[in-house]
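In what follows, a structure is listed as structure tokens, so that the remarks can point back to it.
Derivation of every value follows stated rules applied to the coordinates shown; laboratory data play no part. Please read all numbers here as calculations on a predicted model, not as lab measurements. Here Cβ is always computed from backbone atoms with ideal geometry, including for glycine, and neighbour counts include all displayed protein chains.
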Amino acid sequence: MTDTIEQRAREVAVYIIENGATVRAAAERFGISKSTIHKDLQQRLPKCDRSLYRQVRQVLDLNKAQRHIRGGLATRKKYTGK
């Protein structure tokens, strides 16, 4: 693992923690795929910064718990325009 990959994983994690961002939003912000974000956060980050991993894990778990709500709101907006 190079320093740049580890640094990218840390930067993505900090962005997600500070903004409560989703993986999709982080992928758009950093111009990389969602798969790369997942790999950075799930495999690389725990090896280089365990405490940061625990913090980002909390945000990702919250996002996962709320995604059905966001999906419902997106569907409502699509069909009602509200």
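The table for this structure:
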item: Dipole in debye (nearest 20) - the chain, about Cα centre, beta carbon charges: Lys, Arg +1; Asp, Glu -1; result: 560
item: Projected label distance in nm at K64 and F30, using a 7 Å step from Cα toward the beta-carbon; result: 1.8
item: Highest average packing first - 4-15, 66-77, Cβ atoms within 10 Å; result: 4-15, 66-77
item: Computed E for N19/C48 - FRET, C-beta separation, R0 22 angstrom, nearest 0.05; result: 0.55
item: Largest to smallest principal axis extent of the C-alpha atoms in the stretch 3-80, angstrom; result: 48, 23, 19
